[in-house]
Amino acid sequence: MNLLEVSQLDLAIHGTPVLESVSFAIEHGKTFGLVGESGSGKSLTALSLVNLLPPGSVRAGNGRLLDQDLFALDESQLCSVRGREIGMIFQEPMTALNPVQSIGDQVAETLIVHGACSRSEARNQACSKLERVELPPERFPPGMFPHELSGGQRQRVCIALAIALQPKLLIADEPTTALDVSTQAQILALLRSLVEHDGMSLMLITHDLAVVADMADTVAVMESGRIVEAAPTEQLFRNMRHAYTRRLLKASFHKPRRGRLNALHDQPLLRVENAVRSYRLPKSRLFSSAETLRAVNGVSFSLDRGESVGLVGESGCGKTTLTRAILGLDPLQGGQISLGGRPVLAGRKMSRSLRRRMQVVFQDPYGSFNPRHKVDRLVAEPLHLGDQSTNSARRREIVAQALEEVGLTGDDMKKYIHEFSGGQRQRIAIARALVTRPDLVVLDEAVSALDVSMRARILDLLAGLQVKHGLSYLFVSHDLTVVRVITDRVLVMYAGQIMEHGKTEDVFRNPRHSYTRQLLDAAPCIPRSWMQG
């Protein structure tokens, strides 16, 4: 008997159809994967099951959890289903968690609201649930707050919230998108354990086909609000019948066509020599001495003009601290950084001309833009580093040209950032980085949150812009697939040090350091035999 059966699910929002005739089933103790591009309707399908839909939504069809008709329940009845029968893990844990409430109180609140136990017992149960997701109280006291945890640890708290009442069905909406490969492997292993040992069924929503191949028993592929193909996982990968499914697979292995530029000068564009950056840690006791964390420990490397270099490693390895120092945002305690032979000195006044030569594209473009300003002002922000005599008409011309270069139009400068999709926002972020015509662009997880199709288009765009403008790229990423197809050399960072470096393909084919092999082994992959079938 199936645990969940959904048939002919239709959804319209303010009269616009977004889901049409969606049908699928999830068996007891099995994992069901739902894949597709951003905007295909995956998350809305899951939210429809528990009626967590935006205003103006009209839902039709049938959805049964065992003998219970989910679509016939009123709000009070659904409140007892949410959490108790169906648990949900959201994509962004920092947004899903309450920042002013401790992690123990948040898990305990779930138990108290559903009347599962008394307040005194709820705290003990919360510790037990946190320990179940590998957050033992001796290392992670329940009084800790979300901001004190890493991204993977926060995701574990969200899982503890979702499984607090031992629901029959667990819905995981992109649970590993922003996590490094090692943390992703740990989270996926935890979810697999919940299915195998706790008897839960899992609905896994993702755009990563490798994750689905590794986790799911059955897969459904969604395009534009419709399920276009569904089958047992191995069968689907061996015999993809629908053109859209084949396009998704092709995009997963997409390699942009790149033209390697010859070095214009003998001197490297960027030189990092014995860089050291330390932070003072909070005191563990009132009268104890403060310890220091050496986030960057004697790092040295160079980057030539027109070259792409990847910087990979787990969260907390020091990648972000190093890139902040390169951008002149964090001062070093030792070593030196130079761009084009000129020293980069954070904490001191740097010339506008030097700052103009390096720009950055962040992971979350929406968070890096001021939502109150229109695109023309957002993209024009770095222009203050250039010619101060540029008038408003010339600025608009420069912004329009930058937008057109990234595949948008000049009319888009009149819109606000919330009017664009995730991929379009990332294009705008790239346009902002290009307006000063920099020599170096730092891409900090610039495509990690995008689906495979959008990622392929952005990588093609970056490859073309590099050749056109002679750009040098520093790719900071945990996505090994992206680093492999877009970089010439790669640096592997661990505990503040570069453990291995070399030509990208050489490092991926023959990793010398055990940490590099560990990273490569942690990355999910589609079995080669399935692809050959």
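Surface composition of the range 348-415: carbon and sulfur make up 46 percent of the accessible area, probe 1.4 Å. Taking Cα centre as origin and charging only the Cβ of basic (Lys, Arg, +1) and acidic (Asp, Glu, -1) residues, the dipole magnitude of the chain rounds to 2080 debye. Apolar share of the accessible surface for the range 88-161: 49 percent from carbon plus sulfur atoms, 1.4 Å probe. Accessible area per residue for the chain is 46 Å², calculated with a 1.4 Å probe on protein heavy atoms, without ligands, DNA or RNA. When you restrict to C-alpha pairs under 8 Å that are six or more residues apart and normalise by the size of the range 120-160, the relative contact order lands at 46 percent.
Once a ≥ b ≥ c are taken as the square roots of the eigenvalues of the Cα gyration tensor of the range 372-454, is the result rounded (a/c under 1.5), prolate (a/b larger than b/c) or oblate (a/b not larger than b/c)? It comes out oblate by the Cα gyration axes. Surface composition of the range 1-82: carbon plus sulfur atoms contribute 50% of the solvent-accessible area (1.4 Å probe, protein chains only, all chains present).
In this structure, Arg241 and Asn124 have a Cβ-Cβ separation that, at R0 = 56 Å, corresponds to a calculated FRET efficiency of about 0.60.
Note on Lys414: aspartates and glutamates with a C-alpha under 18 Å away, same-chain residues under 8 apart excluded, are Asp376, Glu381, Glu397, Glu404, Glu405.
Each principal axis of the Cα atoms in the range 36-173 has its own extent, and those three values, largest first, are 48, 35, 24 angstrom.
Determine the sum of side-chain charges near Asn2: Lys and Arg each +1, Asp and Glu each -1, restricted to other residues whose C-beta is under 15 angstrom from that of Asn2.
-3
Distance between the C-alpha centres of the range 371-440 and the range 100-135: 47 Å, rounded to the whole angstrom. Here is how the number arises for the chain: DSSP H runs of 4 or more residues each give -39500 (n - 2.57), the sum is divided by the residue count, and the result at 222 nm is -10500 deg cm²/dmol. Taking every alpha-carbon pair in the chain and binning the separations at 10 Å intervals from zero gives 3, 16, 25, 26, 18, 9, 2, 0 percent.
For the chain, the share of DSSP beta bridges that are antiparallel, to the nearest 5, is 55%.
The values are calculated or read from the model by the stated rules, or taken from the named source; none is laboratory data. Just so we're clear, the structure is a prediction, and the values are computed from it rather than from any experiment. In this analysis, Cβ positions are derived from the backbone assuming ideal geometry, glycine residues included, and neighbour counts consider all displayed protein chains. In case anyone asks, the SASA skips ligands and DNA or RNA and just uses the protein heavy atoms, side chains included. Shrake-Rupley method; radii C 1.70, N 1.55, O 1.52, S 1.80 Å.
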